[in-house]
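Enquirer: Got a structure for you, questions after.
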Ligand SMILES: Nc1ncnc2c1ncn2[C@@H]1O[C@H](COP(=O)(O)OP(=O)(O)OP(=O)(O)O)[C@@H](O)[C@H]1O
Ligand SMILES: [Mg+2]
């Protein structure tokens, strides 16, 4: 019985293709809007997360400077910088720390192979590669004696390799001499590419041992940044508190002095940013869901019109022996099939739209099966909800009256 | 008594209430045997359609009894009456009431759908019914592609496809010209004679009523006369003519 009633509903949908299409238009728009919004929002969240995790997960960045905030400025002008000893102290005295990398930075032009390239030269230790989730494409990291002695060796990022060494034999530049200001360093390793991120091109970099940078470039023993990577599963809040305490002691701050350093937590940053985009996604999704509801009312409206328009048909069906619930079911199924059809068409459009838009907006295409299924179920539910009233109206018609209807 | 198909006993029908109250049937007694061909006639507003609706189990009497095959109909629920209609009754309407944009075949199959017959059974039965009304080969035409007479034939095929005990036709020729009307009457008569289907028909036209073998006259909600037609028209004149002339 259900099958034949389903076939009846399908037939009457096909008999009125144009009207069926107009009926589902609202649902189509609603579903595709919801899914597109959510998919794009998820993509944006993913891309923010990827950008931040590109900096390194479980990473704390410590920089000298006044407390950030209104009027704080954040400049490191008058405050003391860090020393290499701070890094060792953190590693040895605070539990849960995986690695500490002191980092110095300088913007310089490097020359080799007859080409020059302006890049950022970083001085640090091998811990820097761990903290920043760097992988080696080829070559090796610093040897212990090279770090101690401040040897003239360097690792280069993918962008530097491409700009300087593309087209050479081997193309890697491994073993080549790279001129950095007044000294030359031997390229001992190439870093695997991380790609473009919101923080700029991370691959545009040359890494030398910290001592090398201090002695041959900056001429001071100061360290601009400390990168502290935490062990997996360590308590970030506690670790941050003891880090703060330790640094206050080492920097001789009195109890009522403000911190003269800032600790940035990439994990926290990631959570804050992605929860912001999550809220935006939810909001946009909710706005789109309202249009889905409007689509449902559209279905009810057209189903009501259709019941009126087909009064004689309903009268005939009742006269030749259709039961009340068969007519009810037919109209209900018609509404559900229509709105589910709208859902399917909406999903197809949303897939195309969010795929196109995400590549246009340069965020990953984040297909979310849950929101697709939910939209489909929701649109079918709308069919039941808004189809029920017209269907009941049809089923309760008096066959004699209905047949006489003009 | 066993072939007594329909018995009406003191059936009345009251429409409206208070000031607008109207007694459309004022106590009808009527017996119809299986295989009869009855024409119901009478002036407009005399209660013919009201009686037909009750006979067709589309409506219930306000008072009185209606026995169909000996069973009381006036106590049945809406759904029970629907089941009775789908099993025993076929309807032909003045306005044909075919589904638009739907082939003759599918229109005829409609009552079988509600009976839950399989597609194969439906197709065969519909084809047979269309054949019986002389529309073999027209299965795939939609109502818009058929003449009025052909549309009424499709409607008759739809009425007989379930092999009903009774076909009820309220002014089946009301929308047709004389020639088409005679063709339809010839068809109803053939169904009555060859398949033994009981036919109840309302008509205003004496020429059409002449096909029936019994004539019931309604006047003002009462049966004024109920007489057999001893010399019913045998066949549609136009259908018979060519054979005689040639
Ligand atoms: N649903 C209704 N509500 C109120 N009055 C009705 C209703 N149906 C019919 N009537 C009245 O009942 C009376 C009988 O109507 P009915 O339709 O049975 O007449 P009829 O003999 O079929 O007439 P006609 O030849 O014009 O079709 C009429 O006075 C009509 O106005
Ligand atoms: Mg009438």
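Enquirer: Show me the strands (runs of 3 or more DSSP E) entirely contained within region B:1-97 in which 3 or more residues are away from ligand 2 (no atom under 16 Å from the Cβ). Can you show your working first?
Expert: Numbers: elements: B:4-15, B:22-33, B:37-41, B:63-68, B:89-92.
Filter on region B:1-97 gives B:4-15, B:22-33, B:63-68.
Enquirer: Let me confirm something: among B:155, B:163, B:132, which residue is under 17 Å from the mean Cα position of the chain (by Cα), at negative phi and surrounded by fewer than 20 Cβ atoms within 10 Å (Cβ to Cβ)?
Expert: It is B:132.
Enquirer: Here's another thing I want to ask about it. If residue B:126 satisfies every condition in (1) outside any loop (DSSP other than H, G, I, E, B); (2) buried (at least 21 other Cβ atoms within 10 Å of the Cβ); (3) within 13 Å of another protein chain (Cβ to nearest Cβ) but one, which is the exception?
Expert: (3)
Enquirer: Kindly indicate which of B:109, B:74 is within 26 Å of residue A:398 (Cα to Cα), more than 9 Å from every other protein chain (Cβ to nearest Cβ) and surrounded by 21 or more Cβ atoms within 10 Å (Cβ to Cβ). Give the steps one after another, and end with the answer.
Expert: Details: B:74 fails: surrounded by 21 or more Cβ atoms within 10 Å (Cβ to Cβ).
The unique qualifying residue is B:109.
Enquirer: When region B:112-123 is examined, which residues are found to be more than 8 Å from chain A (Cβ to nearest Cβ) and assigned to a helix (DSSP H, G or I)?
Expert: Those that are more than 8 Å from chain A (Cβ to nearest Cβ) and assigned to a helix (DSSP H, G or I): B:112, B:119, B:120, B:121, B:122, B:123.
Enquirer: Please enumerate the residues belonging to region B:153-209 that are closer than 20 Å to residue A:321 by Cβ and within 16 Å of ligand 1 (Cβ to nearest atom).
Expert: Step one: filter region B:153-209 for residues closer than 20 Å to residue A:321 by Cβ, giving B:154-170, B:172, B:191, B:195, B:197-200.
The answer is B:168, B:169, B:170, B:172, B:200.
Enquirer: So, in region B:24-58, of the ones that are more than 9 Å from ligand 1 (Cβ to nearest atom) and within 14 Å of chain A (Cβ to nearest Cβ), which residue ends up surrounded by the fewest Cβ atoms within 10 Å (Cβ to Cβ)?
Expert: B:58
Enquirer: Turning to a different aspect of this structure: Just checking, which of B:199, B:154 is in contact (Cβ under 8 Å) with a residue 60 or more places away in the chain and either over 27 Å from residue B:82 (Cα atoms) or more than 16 Å from ligand 2 (Cβ to nearest atom) (or both)?
Expert: So the residue among B:199, B:154 that is in contact (Cβ under 8 Å) with a residue 60 or more places away in the chain and either over 27 Å from residue B:82 (Cα atoms) or more than 16 Å from ligand 2 (Cβ to nearest atom) (or both) is B:199.
Enquirer: Report the residue count in region B:44-66 for those that are out of contact with any strand residue (DSSP E or B) (no Cβ under 6 Å at 6 or more places or on another chain) and under 12 Å from residue A:400 (Cβ atoms).
Expert: Final tally of qualifying residues: 6.
Enquirer: Go through (1) touching a strand residue (DSSP E or B) at 6+ places or on another chain (Cβ under 6 Å); (2) under 15 Å from residue B:195 (Cβ atoms) for residue B:170 and report which single condition fails.
Expert: All conditions are met except number (2).
Enquirer: Does region A:251-272 include one or more residues that are part of a helix (DSSP H, G or I) and more than 30 Å from residue A:210 (Cβ to Cβ)? If you could, list the steps in order and put the result at the bottom.
Expert: Initially, region A:251-272 is screened for residues part of a helix (DSSP H, G or I), giving A:266-272.
Retained after the next criterion (residues that are more than 30 Å from residue A:210 (Cβ to Cβ)): A:271-272.
Checking region A:251-272: at least one residue is part of a helix (DSSP H, G or I) and more than 30 Å from residue A:210 (Cβ to Cβ).
Enquirer: Within region B:88-100, is there a residue that is within 14 Å of chain A (Cβ to nearest Cβ), under 30 Å from residue B:146 (Cα atoms) and over 20 Å from the mean Cα position of the chain (by Cα)?
Expert: Scanning region B:88-100, I find at least one residue that is within 14 Å of chain A (Cβ to nearest Cβ), under 30 Å from residue B:146 (Cα atoms) and over 20 Å from the mean Cα position of the chain (by Cα), so the answer is yes.
Enquirer: Output the residues belonging to region B:178-196 that are within 17 Å of residue B:158 (Cα to Cα) and without any contact (Cβ under 8 Å) to a residue 12 or more places away in the chain.
Expert: B:190
Enquirer: Residues B:208, B:189: which one is crowded, with 20+ Cβ neighbours inside 10 Å, away from every other protein chain (no Cβ under 14 Å), within 16 Å of ligand 2 (Cβ to nearest atom) and more than 30 Å from residue B:14 (Cβ to Cβ)?
Expert: B:208
Here, each number is a calculation from the coordinates, and none is a lab measurement. Quick caveat: nothing in here was measured; it's all calculated off a predicted structure. As a convention, Cβ positions derive from the backbone with ideal geometry for all residues, glycine included, and neighbour counts pool all protein chains shown.
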